[in-house]
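Take a look at the structure below.
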Amino acid sequence: MASSIRCHYLALLFPCFTLLMIEGANWAQLAGERAQNTATPYVPDQWHRDPSTSVRPMWSARWGHAVVVLNQSSPRSYLTEEENSARLIDANPVLVLLGGDDGLPRDTLNVTYASEMGIGSGKLRNDVWVGQLTSRSQSPWLVDDRYFVDGATYNPELIRSKMRWHEATPGRIAPATWTSGPKFSDPLTYDEWIACQDSIKDRLDYTAVLPDPSVCDDPPPFCYDDMSANGCHEQGVWKKDNMWSPRRGLAAAVVANDKIFIIGGQAREYARIEDSRLVGGLDGQNRIETVREHSTIREDLVLKNDIWSSGDGGVTWELVNPGCKDPQEDVLMQTEVWSRDISDTSLPKHVGSIGSKCYETSDCYGIAECKALGNTPEKVCVCPMFSPRMHHAVAVQHRFSVQDDGSVVSEDVIYVIGGFTSVKQSFCANRSCGPADGYRLAMDDAWMSSDGITWTQIKPAFSKNSSFRGRGSHTALVVHSYTNSNRNTTEVEEKDRLLIFGGETSHPQELSTTYLNDVWQVDLPKNPCCIPPKCTDNSKMQNKKCLPSSDWNVVTPDAEWSIRSGHTSVYEPPSPSNSFRHRVHLSGGKNAANVLSDVWTWDLADDHAWQCDFPSHTSSEKATSAHNAFLSTDSPLVDFEIFQLPTLDNDGILSNFTNH
């Protein structure tokens, strides 16, 4: 009742005054009990009374996780805006949260009781949570006056979401040891646990990880009850439970048929320590390696570029691409090349580390290839896709082509941009070396794929011809925008654009991190890379016309929002609710000084500024009026501050009303 009176009262004021156009995003509460605040999660009463007798109601507080939307009916470029709007109205969107790190500090000044649930035993996660939204708006909200603590006192003004979450999977990890068979009780690595995945088992034939690929054949049903029974092989039984390892800084994307892709990140896995780090001694000039039969397995943090997919909302997973454990070629050639004199081409140049040395491709993990780089016959493992990394940005473009018979050929293209990788910056003898986890380096490269298996590099790393800075913890979006070539006419130009927002830099030779607030764009072709029968899966990326522009253009080097990383950006397609306009919303993040909670909107016009829809509590807006707690610094509604607005009493009735 109170909100209804408040909204009608403000609406009655509009005919009396001439204001700038007020967009819906700039609505703000001006009077009455405050109802604009952080939305806290729904938590059943039973959880507060006795958590041990209640199922965990939602995911724990965390960072470095990924979020995607299923059933979102993303706009299709070959449909009209009205048709796309109808698809959006009929959608039943589902939020999916994946993985992350809930090892947060207990800081009662900054973290509410509700968000602290379960973080006492924080760790990297690979759980998947699903939250249902309504089709037309947010899930219901209500003001909750229980359980939530603000500092040392109860705060009755927090809004509680009634949206329910359910756990699609709590996550699955490899056993610490082999549970049966000849290796019973021996330590088990993550690579051994997933060795029967179809995309990698052929690369592991007769190796220590998978001595006999025949164990991957579908096991008899009774093996799932007793793996120690005759005819059962653990690795074949484990296959149905395999999934991506617990990790943070991962990226996720959704393609056709609501298939979810998980891409890379920093993972926690049991792995054998690299031979290059296990030296038993020196005999003359020869290195003495440890014996492989000796157990050197331990839990470690590793960067990944593996790709997993799920077609059932995150319950079961399949390894699409095992990735590599070695860097891509342009990273190796610019960070791990050793020579007595780099400028002297007659001297030998050695590339890579001892751990990446190989004689043939079968010596390399995953899809890495054994290649001779530099000017010596020595070979190293080289990754033909992007290097292992974390906090990279991922975006998806829906491409289409309408055929002569009216049919539509469509294709979803995944883009991976930037992120933090690890490089070695020291040299031992003639090989790169250094800490096991290397030094963090922000990448400026970009890659594309239509299936997650084959990747094409669309922007090389460390190009001297580009001013685009390497970055991580940034965001990227693909938008289908309509840009007027002449704003005095109705002519429009249709084009898809890849947009990149902000982030932070990192380089071993830089002493500090630089936070960014720039916006970049890349023009994208709209036709699929493969239109049968003119091409096959093996040839589709050879079609140069399907590659994005090589020109990376800066839209603005200094956007209106402050420098930041770890923020969120969302594309809002045209619909009746926004007068069929395209908009991008950017919110939150952090920089060296603050954690941010502001919200900004941009209409995709290159010469239009971003508008602040809601300021951060740490921003410098004036604080001369209580109304400023609700108003954006740019909102035209500040004009109403000159009027004596009424308040609401306990019954929701207007009180202290003064007619001006």
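Since every read-out is calculated from the coordinates, none of them should be taken as a lab result. It should be emphasised that the depicted structure is a prediction, and the values quoted were computed from it without experimental measurement. Here the Cβ positions follow ideal geometry from the backbone for every residue, glycine too, while neighbour counts run over all protein chains shown.
Provide the gained length on full extension for the span residue 362 to residue 509, in nm with one decimal, where the gain is 0.36 nm per separating residue minus the Cα-Cα distance.
Gain on extension, residue 362 to residue 509, equals 49.4 nm.
Which ³J(HN,Hα) values in Hz, rounded to whole numbers, follow from the phi angles of the stretch 596-610 under the Karplus curve 6.51 cos²θ - 1.76 cosθ + 1.60, where θ = phi - 60° and Gly and Pro get x?
Karplus values, whole Hz, x for Gly and Pro: 9, 9, 7, 10, 10, 10, 9, 8, 6, 7, 4, 9, 9, 7, 6.
With all distinct Cα pairs included, what does the Kirkwood hydrodynamic radius of the stretch 316-392 come out to in Å, to one decimal, could you say? Please list the in-between numbers first.
Values: mean 1/r = 0.0750 Å⁻¹.
Kirkwood hydrodynamic radius for the stretch 316-392: 13.3 Å.
Starting from the Cα coordinates of the stretch 345-389, work out the convex hull volume and express it per residue in Å³.
Each residue corresponds to 84 Å³ of Cα convex hull volume.
Apply the Karplus parameterisation 6.51 cos²θ - 1.76 cosθ + 1.60, with θ equal to phi minus 60°, to every residue of the stretch 218-233 and state each ³J(HN,Hα) to the nearest whole Hz, in sequence, with x for glycine and proline.
3, x, x, x, 5, 5, 6, 8, 8, 5, 7, 5, 4, x, 9, 10
What does the stretch 179-276 give for Rg and for Dmax, in Å, if only its C-alpha atoms count?
15.3, 44
Once you sort the root eigenvalues of the Cα gyration tensor of the stretch 290-360 as a ≥ b ≥ c, which label holds: rounded (a/c under 1.5), prolate (a/b larger than b/c) or oblate (the other case)? Walk me through the numbers before you get to the answer.
Values: a/c = 3.47, a/b = 1.78, b/c = 1.95.
Verdict is oblate for the stretch 290-360.
I'd like the distance between the alpha-carbon centres of the stretch 197-258 and the stretch 357-376, rounded to an integer number of Å.
Here the answer is 26 Å between Cα centres.
Which translational diffusion coefficient, to the nearest whole µm²/s, is obtained for the stretch 317-459 from the Stokes-Einstein equation, given a Kirkwood hydrodynamic radius over C-alpha pairs, 37 °C and 0.692 mPa s?
Working: Rh = 16.9 Å.
Value of D from the Cα-based Kirkwood radius: 195 µm²/s.
Based on the Cβ-Cβ distance of residue 467 and residue 606, what FRET efficiency does E = 1/(1 + (r/R0)^6) give at R0 = 25 Å, to the nearest 0.05?
After rounding, the FRET efficiency stands at 0.90.
Using modelled amide H (1.01 Å from N, peptide plane; none on Pro or chain starts), what sits under 5 Å from the amide H of residue 250, excluding residues fewer than 5 places away?
For residue 250, the qualifying residues are 266, 391.
Considering amide H positions built from the backbone, and no H for Pro or chain starts, which residues 5 or more places from residue 376, or on another chain, come under 5 Å of its amide H?
Those qualifying (amide H under 5 Å, at least 5 residues apart or on another chain) are 349.
What is the stretch 175-224 by shape, rounded, prolate or oblate, if you read a ≥ b ≥ c off the alpha carbon gyration tensor as root eigenvalues and call it rounded for a/c under 1.5, prolate for a/b larger than b/c, and oblate otherwise? Working shown, then result.
Numbers: a/c = 1.75, a/b = 1.12, b/c = 1.57.
Judged from the Cα gyration tensor, the stretch 175-224 comes out oblate (a/c at least 1.5, b/c at or above a/b).
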